[in-house]
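J.: My questions all concern the structure below.
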Amino acid sequence: MVIVAFATIYIVWGSTYFFLRVALQGFPPMLLGAVRFLTAGLLMLGWCLVSGEKPFVKAHIFHASVSGVLLLFIALGTVIWTEQTLPSAMVAILVSAAPIWFVLLDVPKWNENLKSRWTIAGLVIGFAGVILLFGEQIIAAFKVAGLQTKLWEMVILVLGSIAWSGGSLYSKYKASGVSGPVSATWQMLAAGILFITVSLLRGEVQHLNWQGILLNAWLAMAYLILFGSIAAFSAYVWLLQVRPATQVSTYAYVNPVIAVFLGVFFAHENISLLQITGLVIILASVLIINLAKHRKEKKVRMAVEGAV
């Protein structure tokens, strides 16, 4: 189950870069978030009721809603907003700093993470790999006049990355007694309600020509709902409950790798030697982090078996 869950957030979230771009061709940004998360949340709520879960516990709703606002509305909202003006490569790099924020914000695990040379080395190497992966695009972007004046938007994106890490840790520690499906349900519904509120205030719903939305945009929206939200986000919430946060956060390094591979195979994009180097470094960093966690768990297991 852990392997399947990791594969899901690695591959599916890596593919959502492409499908998000397609969906934005038909849906305004805030309405996209509203339709995606309200639909996914309602479908998840129906599943919880059918499967015998207890989704209407006030404490569970509160904790899940708090983490949902941080994760999906603030963090994802900043990505949607800044992608309208910032180069996608810049957005990808700043978002990929999330694993570093996980280490800095995970206070209960400071003693473990900050003393693990392999974990720290893996995080730093992984972020360096992401910079190499998008290095050529960043150099080209900085040559564009006016990019240097968008520092405040970069700051907003960094704050969004911090909100994602904080929301993930809040979900891990505060909502630890909530089942994965129930937690994901209220996280998505809380975010969806805020997205639709902002969308209405911006006039997106009132001025949208629903008949003019192309089939490709609807299909991309369906993919984001079923796979990006219901499958991958539910897997992410569950993984936070059963695995160390630093290990789960490696998705932020692998997703750009998947996105690049999809661009090469399906959009016939070119890949440079520098990008290949970045891909190798990223995958090596993820291996380092996972091996460090595996070694520690093996030592603990052997100690327990020896004591018995």
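J.: So, in segment 177-198, how many residues would count as being farther than 13 Å from PHE62 by Cα, at pLDDT below 95 and among the hydroxyl-bearing types (Ser, Thr, Tyr)?
T.: Result for segment 177-198: 1.
J.: Restricting to helices (runs of 4 or more DSSP H) lying wholly in segment 85-160: which have 2 or more residues that are at pLDDT below 80?
T.: Once the helices (runs of 4 or more DSSP H) in segment 85-160 are filtered for at least 2 residues that are at pLDDT below 80, what remains is 88-95, 110-113, 117-133, 135-142.
J.: Right, something else. If you check ALA64, ALA7, which single one turns out to be hydrophobic (A, V, I, L, M, F, W, C), free of Cβ contacts under 8 Å to residues at least 24 places away in the same chain, part of a helix (DSSP H, G or I) and more than 23 Å from LEU201 (Cβ to Cβ)?
T.: ALA7
J.: While we're on this one: Test GLY14 against the stated conditions and say whether it is of a type in the set (Gly, Ala, Ser), over 21 Å from LEU283 (Cα atoms) and touching a residue at least 12 places away in the same chain (Cβ under 8 Å).
T.: The answer is no for GLY14.
J.: Restricting to segment 174-193, name every residue that is buried (at least 24 other Cβ atoms within 10 Å of the Cβ) and not in a helix (DSSP H, G or I).
T.: Passing the criteria: ALA175, VAL178.
J.: Further question on the same structure: Based on this model, can you work out whether LEU32 counts as of a type in the set (A, V, I, L, M), out of contact with any strand residue (DSSP E or B) (no Cβ under 6 Å at 6 or more places or on another chain), in a loop (DSSP other than H, G, I, E, B) and at pLDDT below 95?
T.: no
The values are calculated or read from the model by the stated rules, or taken from the named source; none is laboratory data. Quick caveat: nothing in here was measured; it's all calculated off a predicted structure. Positions of Cβ are generated from backbone atoms using ideal geometry, with glycine treated the same way; all protein chains shown enter the neighbour counts.
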